[in-house]
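Notes follow once the structure below has been shown.
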Amino acid sequence: KQWYQRRVAITAGDEQVKVQYMSFLIGEAHRSSTPKPTNKDVMLVEEGEYTLYARAFGYTGFMASKSLIKQEFGILANELKKAGVEVEWSYPITMGYNSPWDSEKRFEVAFAAKAAPSPKPKDLDEICKDIECAKADIHDVKGAPNVQRKDYYEANVIMTEVDVDPTTKKATTAAYNVAFKRLYRYITGNNEKGMNINMTVPVRNKLVIKDNEVSHQFMSFVLPAALTDIPAPKDSKVVQTKEKAYSVYEKAFGGVISEADSETVYSREFKNLWAELTVAGIKPDFQELYTFEYTDPKDNEQRHEVAVLISQNSDIAMEI
């Protein structure tokens, strides 16, 4: 048995708890074959490495009182401020290590070490001066300074499925390259009219999540808005369709991403997106995720975006 528990209370600037999560660490004996949860409210998550600054203390009674926990957080915060340590003040964490019935108790309060800021993305207006960008209305999101809401217009698109490894539930770089080449060949003449079609941005990857795993991935290009005589694809794996309008919450970041670091970087940025939305009191449905690529991988300045679909049942927060 492992009585370790971790509670994460995510707060906003007004120090009010917006949402609270509890988690158990899966023991080593079960990590290679962890069963999937049957309760839809339980998520099985693979956490990356992280650093905490923690203060441990004991207590008497069945559970640590709220006043004692608050007092210990205050002591920890003062010590960290004296030492000049930067932490994520909006993410207080408590950790319990024993049964409430044990005679000796260990409890910890902690703050996560402040993560390095994401690299600055290339300015979107600058990009869209040189190449056509998919048309969208853009809004700031109240309480989430690094997130925007984008309302994309109806558009003609071409898309293809990206092969996902059935074992790892992930797409390899080779699979992404194959998908990109299918779409690129379409716009460079591999269509029923032999027509060359201008490239647009972003290159979009859609990840469909089912049972906490990626079930399907699709790559797509938006066709130029002025193109009306749209040729049919020659490649049976390329589909041309009219896409309905949709909205996403997105977070942009820059930096050159190596193949080796790709999974780590995107995982980090999706977590950052989730964290900012949570602090803002928004609980999006993470069943349909996107990555948007705006720049050539060889460019010095890069713009990448991670995004989550806003479903009809999602909370919406905008600065009008």
| Selected residue (criterion: least open to solvent (accessible area, probe 1.4 Å)) from residues of segment 294-315 that are over 18 Å from residue 124 (Cα atoms) and not hydrophobic (A, V, I, L, M, F, W, C) | 314
| query | Counting only residues that are of a type in the set (D, E, K, R) and in contact (Cβ under 8 Å) with a residue 12 or more places away in the chain, which one in segment 77-100 is surrounded by the most Cβ atoms within 10 Å (Cβ to Cβ)? | reply | 88
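Could you pull out the residue among 238, 222, 201 that is β-branched (Val, Ile, Thr) and under 27 Å from residue 168 (Cβ atoms)? Show your work before the answer.
Numbers: 222 fails: under 27 Å from residue 168 (Cβ atoms); 201 fails: under 27 Å from residue 168 (Cβ atoms).
Unique residue meeting the criteria: 238.
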| said: I need the full set of residues from segment 138-173 which are touching a Phe, Trp or Tyr at 6+ places or on another chain (Cβ under 8 Å) and of a type in the set (S, T, N, Q), in order please. | reply: 148, 160
| said: Restricting to segment 106-140, and then to whatever is under 19 Å from the mean Cα position of the chain (by Cα) and open to solvent by 80 Å² or more (accessible area, probe 1.4 Å), can you tell me which residue is nearest to residue 247 (Cα to Cα)? | reply: 140
| query | For residue 103, which of the numbered conditions (1) of a type in the set (Gly, Ala, Ser); (2) free of Cβ contacts under 8 Å to residues at least 60 places away in the same chain; (3) surrounded by 15 or more Cβ atoms within 10 Å (Cβ to Cβ) fails to hold? | reply | (3)
| Give me the pairs: first residue in segment 235-255 and closer than 16 Å to residue 183 by Cα, second residue among the charged types (D, E, K, R), beta-carbon distance under 6 Å, and six or more apart or on different chains, which are they? | 235/182; 237/182; 238/182
| Filter segment 242-293 for residues that are among the β-branched types (Val, Ile, Thr) and open to solvent by 50 Å² or more (accessible area, probe 1.4 Å); which is farthest from the chain's Cα centre (by Cα)? | 256
| query | Under 8 Å by Cβ, and 6 or more places apart or on different chains, what pairs join a residue from segment 146-158 that is over 14 Å from residue 309 (Cβ atoms) and modelled with pLDDT under 95 with one that is open to solvent by 20 Å² or more (accessible area, probe 1.4 Å) and of a type in the set (D, E, K, R)? | reply | 146/276
| query | Where residues in segment 141-176 are in contact with a Ser or Thr (Cβ under 6 Å, 6 or more places away or on another chain) and more than 26 Å from residue 271 (Cβ to Cβ), which of them is most open to solvent (accessible area, probe 1.4 Å)? | reply | 159
| Just to be sure, is residue 200 free of Cβ contacts under 8 Å to residues at least 12 places away in the same chain and either over 17 Å from the mean Cα position of the chain (by Cα) or open to solvent by 40 Å² or more (accessible area, probe 1.4 Å) (or both)? | no
| Matching residues, segment 213-238, being surrounded by 15 or more Cβ atoms within 10 Å (Cβ to Cβ) and either on the phi > 0 side of the Ramachandran plot or not in a loop (DSSP other than H, G, I, E, B) (or both) | 214, 217, 218, 219, 220, 221, 222, 233
| remark: Going through (1) assigned to a loop (DSSP other than H, G, I, E, B); (2) within 14 Å of the chain's Cα centre (by Cα); (3) over 23 Å from residue 217 (Cβ atoms) one by one, residue 298 fails only at (2)
| With respect to the numbered conditions (1) part of a loop (DSSP other than H, G, I, E, B); (2) touching a residue at least 24 places away in the same chain (Cβ under 8 Å), which one is the sole condition not fulfilled by residue 111? | (1)
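The values are calculated or read from the model by the stated rules, or taken from the named source; none is laboratory data. No experiment lies behind these values; they were computed from the predicted model shown. Cβ: placed from backbone, ideal geometry, glycine included. Neighbour counts: every protein chain shown. Accessible surface areas use protein heavy atoms only, side chains included; no ligands, DNA or RNA. Shrake-Rupley method; radii C 1.70, N 1.55, O 1.52, S 1.80 Å.
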